[in-house]
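Right, one structure below, let's go through it.
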Amino acid sequence: MSERPNPRRQDTLLQRSSLEEQVAGSTICLRFRDIAEEHPDAPAYSIRAEHGWETLTFGEARREVLAIAAGFVALGLAPGDTVTLMMVNRPEHVLADLGAVHAGGRPISVYATLAPEQVTYIARDSEAKIAVLGGEYELKRWGQALAELPGLTKVIVLDPAACPDDERFMTWEEFVALGKERYDTDAQSVDERWRAVKPHDTLTVLYTSGTTGNPKGVPLSHHSVCYNAAGLDLVSDLPTFGTQISYLTYAHIAERVLSLYLPLFKGSHVHFCPDVTQLSTVLREVRPVLFFGVPRVWEKLMAGLLAVMETQPEEQQTQARAAMAAGVRFIEAGQNGGTPSAEVVAAYERADAGLLSIVRSLIGFDRARWLASSAAPLSSEVQRFFAGLGMNVMEVYGMTETTGAFTVNSPHRYKLGSVGAGMPGIEIRIADDGEILMRGPIATAGYLNLPEATSDLIDEDGWLHTGDVGSLDNDGFVRILDRKKEIFITSGGENISPANIENYLKEHPLIGQALAYGDRRPYPVALITLDAEAAPAWATNRGITFTGLADLTQHPDVLAEVTGVVNRANERLARVQQIKRWKLLPVEWSTDTEELTPKFSLRRRVIHTKYSDTIELLYGTG
């Protein structure tokens, strides 16, 4: 593949050289040692207990990690062996993960929503030796793997009540006690293990959730993680010792980088939220400086706020809209390093003092410095809504295969609607067919045990092929148009991005999910679901009586509102992209019902298969 001249390349390579020098020789083990020795009393990890938050300092956490590493050594874990983890976000997950790293092992967090067959595949593919599981739910997911894989020699169970009475199992308390006893008598063996870890050793393997087929293992090195963390630190302008919330699974690359690794660079205080339904409460208590949410999280937060706003008198709603308009103008004016005019600043400051700062404080974002979204496109309506509150929710873009984000919008350089510019030292180009390519130190070396897939991922010139179609503007900002393989072609030969159509539909808080379809068909159609939280609130505010979500999908007022949503979306689309027919489904899609991946992306083929009869009816062929 011939490479076009890129005037930014020299600057990019200079940035890379500088960051490479900064992280030379670094491992996560060394970063943890340094932060624990320099700030032993700084709070590191907190979780809500019966009487408030229980907290471990960095010094206490590292002592726990070394003891846990000793426990893994005592159980026979050799350097390079795999420890698999499946539990909710809590300190034990992080401690077990880092403990495995300090023992020379490679920890792998597994999505708790995967089927037993997929769990077994991952355990076999990664040659898992030890598993750390939360309790009864996780044990059921691992039943098949335990039956088929004798090499999985030990299972540690966090919930003592769920731990089977079998020598293959032990409780977390028993494991920690074993580790402390071993470390007290032989600390040197553990110290030798973590000191022997090198920058290009595998730090973790994450399995992509995927939409079809078996998950693919993505090895990530200490060096790639340290480089990415240092790059994020450089562009995000985050203060040291800030607060943040961990609530997405650690099988998700964004959560892993932001709340497991980055705190070892920034000294951040991580608060765990094991139950995502409690996120709003935890937000108000923690008031995070950094907060990352996949688009579905931001959509639900917006829907909740809109539901509250709709209960207010019309006069107050009018005042709120005026204040939010000032917020949008202020953030729009700051794009790409721009400076808002004195008039825009004054209007924003009045709106902020009178309403916006109060709302941010009420929902827990009054101290926020960096708000981010990724994993799927964030609709412009959602982004503008939060901009109206003075919250710049910045899209970033990356993959598991790129150690997370490789393009970012930063507080000082951003463009709404884009996923940002390249991270320091990362090369980006657009291929002839529109595919986004990247090259740099954060790219994985390839998939685990999959040489053919690796050759498809990384070409002979070192460019990693993302599978996404996008554009790169003159200022270096990237915009995502669609997944390369998700663009459908109508029977008229038109290439259409379903994500573009779906985002317009989802801008309305009533809509939970939408899927546009039209491959080899004369026109696009859509399957639409209601938002299980926003729709009942919307209906209640209008005096609509109903028995459940399915009942609402038949109500004429709801159908009329959705008709309006579709019509407004069509007004913004080219004629060939417009939805000709649609169906409002009586259910909500979820990971449990398999329409969504653990990252809340659509499993398109699953939906196409499950609702094939409905799709045929929309085309009049059912």
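The values are calculated or read from the model by the stated rules, or taken from the named source; none is laboratory data. What you see is a predicted model, and the numbers here were worked out from it, not measured in a lab. Backbone-built Cβ (ideal geometry, glycine too); neighbour counts: all protein chains shown.
Let's see how each residue does on (1) under 27 Å from H223 (Cα atoms); (2) outside any loop (DSSP other than H, G, I, E, B); (3) polar (S, T, N, Q):
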residue	(1), (2), (3)
Q383	no, yes, yes
F386	no, yes, no
G390	no, no, no
E395	yes, yes, no
R429	yes, yes, no
Y447	yes, no, no
> In the set R479, R429, which member is outside the structural domain of D519 (by TED's automatic domain parsing), in contact (Cβ under 8 Å) with a residue 60 or more places away in the chain, touching a Leu at 6+ places or on another chain (Cβ under 6 Å) and among the charged types (D, E, K, R)?
Replying inline: R429
>> Suppose we filter the range 586-612 for residues that are in contact (Cβ under 8 Å) with a residue 60 or more places away in the chain and not basic (K, R); how many remain?
In response: 15
>> Looking at the structure I just gave you, is T153 out of contact with any helix residue (DSSP H, G or I) (no Cβ under 7 Å at 6 or more places or on another chain) and at pLDDT below 95?
In response: no
> Counting only residues that are of a type in the set (A, V, I, L, M, F, W, C) and under 21 Å from T553 (Cα atoms), how many does the range 572-601 have?
Replying inline: 7
> What number goes with the only condition from (1) surrounded by 20 or more Cβ atoms within 10 Å (Cβ to Cβ); (2) in a loop (DSSP other than H, G, I, E, B); (3) of a type outside the set (D, E, K, R) that P239 does not pass?
Replying inline: (1)
>> Could you check the range 486-534 and list, in sequence order, the residues that are farther than 12 Å from E299 by Cβ, assigned to a helix (DSSP H, G or I) and basic (K, R)?
In response: none
> If you check every pair at least six apart or on different chains, which have Cβ atoms under 8 Å apart with a residue in the range 517-539 that is on the phi > 0 side of the Ramachandran plot first and a residue that is among the small types (G, A, S) second?
Replying inline: R520/S491
> Looking at (1) at pLDDT 95 or above; (2) surrounded by fewer than 16 Cβ atoms within 10 Å (Cβ to Cβ); (3) in a loop (DSSP other than H, G, I, E, B); (4) touching a strand residue (DSSP E or B) at 6+ places or on another chain (Cβ under 8 Å), which is the one condition that is false for E54?
Replying inline: (3)
> Is at least one residue of the range 6-22 β-branched (V, I, T), modelled with pLDDT of 95 or more and surrounded by 13 or more Cβ atoms within 10 Å (Cβ to Cβ)?
Replying inline: no
> Here are some residues: I544, I615, I579. Which one is out of contact with any Ser or Thr (no Cβ under 8 Å at 6 or more places or on another chain), outside any helix (DSSP H, G or I) and in contact (Cβ under 8 Å) with a residue 24 or more places away in the chain?
Replying inline: I579
>> Considering only the range 246-257, I want to know if a residue exists there that is under 21 Å from D366 (Cα atoms) and of a type outside the set (K, R).
In response: yes
> Which one is surrounded by the most Cβ atoms within 10 Å (Cβ to Cβ), of the residues in the range 215-236 that are in a helix (DSSP H, G or I) and of a type in the set (S, T, Y)?
Replying inline: Y227
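Let's see how each residue does on (1) part of a strand (DSSP E or B); (2) assigned by TED's automatic domain parsing to the domain that holds K599; (3) touching a Leu at 6+ places or on another chain (Cβ under 9 Å); (4) touching a residue at least 24 places away in the same chain (Cβ under 8 Å):
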site: Y111; (1), (2), (3), (4): no, no, no, yes
site: K129; (1), (2), (3), (4): yes, no, yes, yes
site: D166; (1), (2), (3), (4): no, no, no, no
site: E174; (1), (2), (3), (4): no, no, no, no
site: K180; (1), (2), (3), (4): no, no, no, yes
>> Filter the range 131-146 down to the residues that are over 23 Å from the mean Cα position of the chain (by Cα) and part of a strand (DSSP E or B) and list them by number.
In response: A131
> If you go through the range 87-95 one residue at a time, do you hit one that is in contact with a His (Cβ under 9 Å, 6 or more places away or on another chain), in the same structural domain as W142 (by TED's automatic domain parsing) and not in a strand (DSSP E or B)?
Replying inline: yes
> When residues of the range 511-531 are filtered for being surrounded by fewer than 22 Cβ atoms within 10 Å (Cβ to Cβ), of a type outside the set (K, R) and more than 14 Å from I607 (Cβ to Cβ), how many remain?
Replying inline: 2
> Going through the range 107-125 one residue at a time, which ones are crowded, with 21+ Cβ neighbours inside 10 Å and either touching a strand residue (DSSP E or B) at 6+ places or on another chain (Cβ under 7 Å) or within 30 Å of T27 (Cβ to Cβ) (or both)?
Replying inline: P107, I108, S109, V110, Y111, V119, I122, A123
> Give me the pairs: first residue in the range 82-93 and closer than 12 Å to I156 by Cβ, second residue among the acidic types (D, E), beta-carbon distance under 9 Å, and six or more apart or on different chains, which are they?
Replying inline: V83/D97; L85/D97; M86/E138; M87/E138
